[in-house]
1. With all protein chains present, how much of the accessible area of the chain (probe radius 1.4 Å) comes from carbon and sulfur, to the nearest whole percent?
2. Quick one: what does P(r) look like for segment 170-278 with 5 Å bins over all Cα pairs, in whole %?
3. Could you tally the net charge around Ala75, taking each other residue with its Cβ under 9 Å from the Cβ of Ala75, Lys/Arg +1 and Asp/Glu -1?
4. How many nm is it between the label spots at Leu169 and Lys22, if each spot is 7 Å from the Cα in line with the beta carbon?
5. Calculate the translational D of segment 83-154 in whole µm² s⁻¹ from Stokes-Einstein, where the hydrodynamic radius comes from the Kirkwood formula applied to all Cα pairs, the temperature is 37 °C and the viscosity 0.692 mPa s.
6. Relative to the compact globular guide of 2.2 N^0.38 Å, what is the alpha carbon radius of gyration of segment 100-236, as a ratio?
7. Rounded to whole Å and sorted largest first, list the principal axis extents of the Cα atoms in segment 133-204.
8. Of all GluC sites (Glu not before Pro) in segment 196-242, which ones are in loop regions per DSSP and have a Cβ with at most 10 other Cβ atoms within 10 Å?
Amino acid sequence: MISAAIRSNDEAQLAAVVAAAKVAFPEFSGQIDTLVAELKTPVEPLRIAPLVVPAPKPVEIESPGYWEDFNAELALNAAETKGNSDTLFLGLRSKVNLMRKAQIHRLEVFANQAEANGVENQSNWGASYQLDTLWNDEYFGYVRGSMARDDFAGFETDAFAGVGAGAYLVQTEAVTLRSEVGPGYRYLKVANDGDEIGGVGLYGATELDWLIREDLSFEVDAKVNISGPTSTFHPTFRMNTAVSDHVSAGLSYDIRYESNPPLMSENLDRILRFDVKYSY
């Protein structure tokens with residue numbers, strides 16, 4: 001009743017109701033006055049901060065570059081002696097792998113130059129390109145072309161073009177082993193007399209990369225080319241130790257065996273090198 005009288009805004013009615021309440025409940029006179037005071041006190045409306053919902057930002061996805069994967073290495077080696085025998089040797093080897101979707105472009109280049117007592121006794125260079133097309137995580141097909149020139153070998157020009165298939169036999173964090181084989185055509189030019197020989201051949205290769213520990217790795221790169229004029233077996237062994245994140249140093253042992261070299265040429269060539277390699 002007191003609440004209704006206060007809402008009526010009629011002071012006479014409110015006084016009458018309060019007086020009647022005190023007559024009925026004289027023992028609660030103080031509480032009645034307190035209640036009237038509380039009910040007559042204006043109440044500040046509850047203020048609620050408005051809820052602001054920001055507009056969603058579009059998700060920014062970094063678009064990959066044209067090449068999904070790229071790695072390269074450049075190895076240099078050099079030696080010089082002075083005194084009874086003056087010798088100068090310079091060597092370079094580079095390898096680049098570029099991956100685009102299901103294809104891997106592989107490019108290799110090498111060159112060597114050597115002199116002894118001012119007379120050149122070694123001069124060779126070569127390059128190869130191979131395109132791998134991945135069929136799945138293990139198997140692939142390839143197209144390959146290569147050419148090498150050696151002014152002091154029995155065959156001064158050795159070129160090959162072929163196709164084939166290969167497989168990744170082992171793929172772990174520490175070891176990768178891949179192998180490939182396929183037919184092709186081989187062209188050879190004999191040094192000095194300039195005779196040219198060509199024929200169908202069979203090419204095969206095996207690559208092993210073994211990370212022995214974080215700063216030590218071992219590599220084997222073996223190639224074989226079997227053809228009518230001659231068969232060539234060319235393995236290279238490398239032991240590398242890391243100097244920094246991108247630079248390593250190590251030893252490489254290069255062997256090249258020719259089954260049927262021209263007259264007066266040796267079957268076997270061997271080179272032991274100290275390499276400094278930059279990898280990216």
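The values are calculated or read from the model by the stated rules, or taken from the named source; none is laboratory data. Quantities reported herein were computed from a predicted structural model and do not represent experimental measurements. For neighbour counting, all protein chains shown are included, and Cβ atoms are generated from backbone atoms with ideal geometry for every residue, glycine included. Heavy atoms of the whole protein, side chains included, go into the accessibility calculation; ligands, DNA and RNA do not. Shrake-Rupley method; radii C 1.70, N 1.55, O 1.52, S 1.80 Å.
1. On the chain, the fraction of accessible area on carbon and sulfur atoms equals 61 percent.
2. 2, 11, 16, 17, 16, 13, 10, 8, 5, 1, 0
3. Counting the neighbours of Ala75, the net charge comes to +3.
4. A separation of 11.1 nm, rounded to one decimal place.
5. Estimated via Stokes-Einstein, D reaches 224 µm²/s.
6. Computed over Cα atoms of segment 100-236, the ratio equals 1.20.
7. 49, 24, 14
8. Glu214
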